[in-house]
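First up is the structure itself, then whatever we jot down about it.
Nothing in this text is a laboratory measurement; each read-out follows from the coordinates by a stated rule. Here the structure is a predicted model, which is why all the values come from computation and not from measurement. All Cβ positions, even for glycine, are placed from backbone atoms using ideal geometry, and neighbour counts span all protein chains on display.
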Amino acid sequence: MNAIISLLRPQQWLKNGFVLIGLIFSHGWADPYLAFKVAVGFVAFCMASSAVYVLNDYFDRAADAAHPKKRYRPIASGLVGLRQARVLIAILFCGALGLPLAFGQWPVALVVACYLALNIAYTLRLKHKVLVDVFCIAAGFMLRLACGTYAAGIKPSRWMLLCSFMLTLFLGFAKRRAEIVAVPGGVLALEGSTRIVLRHYSAQLLDNLVAITASASLLTYGLYTVDAETAALHGTQHLVLTLPIVTFGVFRYLYLLYRGGSGEEPGRDLLADSQIRMAVLAWVIVVVLLVGT
C-alpha cells in the first residue's frame with residue numbers, strides 16, 4: 001500500500017490548487033453547492049494527475065531502473081507489478097472521468113478528458129520534444145484553471161489566463177534547469193535517461209527562459225490586479241496590494257533554484273519551504289479579505 005501511495009504522488013496534488021482559483025475569484029467559497037462543484041473538479045484532477053504519473057512510470061520503467069534515483073520508484077523497483085499498475089491506471093482514468101459525469105458536470109469531464117489526452121501524448125512522444133515538453137506542462141495547468149472556472153460558472157480574466165500561463169512556463173523551465181544541474185557529468189551523461197530532451201537544452205538557455213517567464217509572470221499579474229474589469233468583477237481596486245507578496249514568492253523560488261538546489265520537484269519545494277508557505281497563506285488571506293469585503 002505504501003508503494004501504491006508513493007506511485008500516486010499525492011504531494012503533487014498541490015498543483016491541482018489551480019482548480020480552486022475559480023472558487024476564490026467567483027466569491028463562491030461561502031456557497032456550499034458551488035464549493036462542492038469545484039471540489040468535484042479538484043478530486044477528478046487529483047485522480048487524473050495520479051493516473052498520468054502511474055502511466056508515465058509504467059512506460060519509463062526500463063529507463064527509471066537505470067537511473068540512480070528513479071530506480072527506487074515502485075514500478076521500476078518491482079514493488080508494484082505491471083498488472084497492478086495497469087489496473088490502477090484503469091481505475092484512476094474511470095474515476096477521473098466518471099466522478100464529474102456522475103454529478104452532471106459535463107464541461108468538467110471534458111476538460112479532464114482533454115488533460116488525459118494531452119498527457120498520454122506527452123508520455124508517449126511530446127516529452128522528448130524541446131520546448132514542446134514545457135508548453136505541454138503549462139497547458140496542463142491551464143486546463144486545471146479552466147476546470148475550476150467552468151465549475152464555478154465564471155469567465156476567467158484574460159490577464160489571469162496570461163499570468164497563469166507565464167507562471168507555469170516559469171516553473172517548467174525552472175524544473176528543467178534544476179534537472180540539468182543535478183545530472184552528474186553534465187547533459188551528455190543523460191544517455192538512456194527518461195529526460196532525453198535535456199540534451200537539447202543548456203543551462204544558459206534555461207537561465208534566459210526562466211528570467212523572461214518570471215518577469216512576464218509578475219508583469220501580467222500586476223496588470224491583472226489593476227485591470228478595470230478585475231476591479232468591477234471583485235468590487236475592489238486594491239488587489240494590487242497582493243503584488244508584493246507574489247513578487248516575494250517568485251524571488252524566493254528563484255533563490256531556492258539558484259542557491260538552494262531546488263526546482264526539480266516544484267510541488268515538493270513549495271510545500272517544504274516555510275517562507276513560500278507563508279507567502280501563499282498571506283496571499284490567500286489578503287485576497288479573501290479584499291474580495292470578500
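Assign one of three labels to region 1-155, namely rounded, prolate or oblate, based on the Cα gyration tensor with a ≥ b ≥ c the square roots of its eigenvalues; rounded applies when a/c is under 1.5, prolate when it is not and a/b is larger than b/c, and oblate otherwise. Here region 1-155 falls in the prolate category. The Cα center of region 33-79 and the Cα center of region 145-162 differ in position by 25 Å.
Give the peptides 242-250, 86-94 in descending order of average Cβ contacts within 10 Å, highest first.
Result, highest mean first: 242-250, 86-94.
Measuring against 26 Å, Cα to Cα, the residue pairs 69/127; 70/175; 127/155; 129/175; 69/175; 15/37 contain 127/155 as the ones spanning a longer distance. Spacing of the modelled spin labels on residue 132 and residue 237, each 7 Å from Cα toward Cβ, amounts to 4.8 nm. Length gained on full extension, residue 66 to residue 103: 9.0 nm, using 0.36 nm per residue less the C-alpha separation.
Fully extending the segment from residue 211 to residue 91, taken as 0.36 nm per residue of separation minus the present Cα-Cα distance, adds 39.2 nm. Taking all Cα pairs closer than 8 Å and separated by 6 or more residues, the relative contact order of region 31-97 comes to 41 percent. Note on residue 258 and residue 285: the extension gain reaches 6.8 nm, defined as 0.36 nm multiplied by sequence separation minus the Cα-Cα distance. Each residue, residue 251 and residue 2, gets one label point 7 Å from its Cα in the Cβ direction; the gap between the two is 4.2 nm.
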